[in-house]
Amino acid sequence: MGVATAGCHYTGLLSLPRPRFGSFRVIGSSVSLRKEEVLERVDRELSKGDERAALSLVKDLQGKPGGLKCFGAARQVPQRLYTLDELKLNGIVAASLLAPVDTTLGSIERNLQLAAVVGGVTAWKAFELGPQQLLYSSLGLLFLWTWDLVSFNGGVGSLVLDTIGHTFSQKYHNRVIQHEAGHFLIAYLMGVLPKGYTVSSLEALKKEGSLNVQAGTAFVDFEFLEEVNGGKVSSTTLNRFSCIALAGVATEYLLYGYAEGGLADINQLDVLLKGLGFTQKKADSQVRWSVLNTVLMLRRHEAARSKLAEAMSAGKSVGSCIETIENSIDDSDI
């Protein structure tokens with residue numbers, strides 16, 4: 001994930017009638033608009049970079065008949081200290097979820113290194129290169145590798161590996177999409193508005209114009225940043241951030257039995273907890289609750305996550321993805 005900041009919110013169960021695409025009144029406007037039209041406006045505001053306006057539009061619809069019944073409506077487990085045994089009773093093996101190792105890209109990288117060695121030896125023999133020419137070629141490759149690490153934080157190498165992974169490994173391609181769908185869905189259910197997503201490094205490069213930006217889901221995070229800059233992060237915000245950060249690895253765990261991507265998400269959460277001065281026991285409590293809470297939500301809304309992944313794979317807009325979630329979840333499931 002290249003997750004931006006995220007956030008967790010609990011509201012009680014909503015007992016609203018199943019909405020048809022009716023109309024409602026947007027606060028501050030005398031014009032009644034259909035839900036689809038407002039979501040189109042959300043897309044326009046996000047494309048202009050006006051995150052506050054986009055979030056305001058969504059909040060105006062939150063929980064209203066014919067509006068957005070799912071935004072911030074996550075049903076959550078009580079927050080307390082959960083043991084590893086309790087996680088196991090709920091079918092969760094923490095080690096398989098919290099220690100992701102990207103074996104797919106690791107295998108691709110090793111194969112590329114082997115191919116480079118074989119290609120170098122073949123070129124050496126074919127062109128009868130001398131020791132001096134071989135040395136210069138090796139130094140040139142070493143320079144390019146170092147330049148990528150220093151200038152782009154390894155972005156060129158990551159772009160190459162990710163592009164090859166998406167091209168030649170359907171499992172890798174699907175895993176990345178499902179991972180980001182997990183982030184998107186949990187964020188929305190917990191009241192954090194996604195503002196954009198990419199499912200490959202190449203797509204991220206085209207959208208952001210930077211090699212330092214990897215694939216991931218970004219969120220409207222000004223409220224979170226305001227708390228951080230103020231020196232105090234509320235428990236509600238921390239819960240949001242924790243669950244969203246773990247949503248990608250949790251999705252992979254549920255689909256494949258283990259997680260490969262998402263190490264950066266876990267490290268980001270760890271840095272936040274340490275920055276807040278959490279003891280190891282308190283940090284473990286936060287992470288275990290977040291894991292259980294997130295996994296149970298993903299299980300409950302598996303169909304919505306699957307349809308959302310299809311929408312994201314097709315490159316649908318944020319507003320369209322939100323509509324997919326809203327149409328995939330019944331009132332009884334929130």
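Each value in this text was obtained by applying a stated rule to the coordinates, not by laboratory testing. Computed from a predicted model, the values in this text were never measured in an experiment. When we count neighbours, we look across all protein chains shown, and the Cβ atoms used for this are built from the backbone with ideal geometry, even at glycine.
For this structure, a couple of remarks:
- FRET efficiency, Asn327 to Thr279 (Cβ-Cβ, R0 35 Å, nearest 0.05): 0.20
- If R0 equals 25 Å, the separation of the Cβ atoms of Lys59 and Ala314 corresponds to a calculated FRET efficiency of about 0.40.
- By average C-beta atoms within 10 angstrom, highest first, the peptides 168-181, 233-246, 272-285: 233-246, 168-181, 272-285
- The modelled label-to-label distance between Val271 and Lys171, using points 7 Å beyond Cα along the C-beta direction, is 3.1 nm.
- Ranked packing of 79-91, 184-196, most packed first, by mean Cβ within 10 Å: 184-196, 79-91
- Whichever lysines have a C-alpha closer than 25 Å to that of Lys35, once near sequence neighbours (fewer than 8 apart) are set aside: Lys48, Lys59, Lys64, Lys69, Lys195, Lys307, Lys316
- Qualifying aspartates and glutamates (Cα of each under 16 Å from Cα of Lys274; at least 8 residues distant if same chain): Asp265, Asp284
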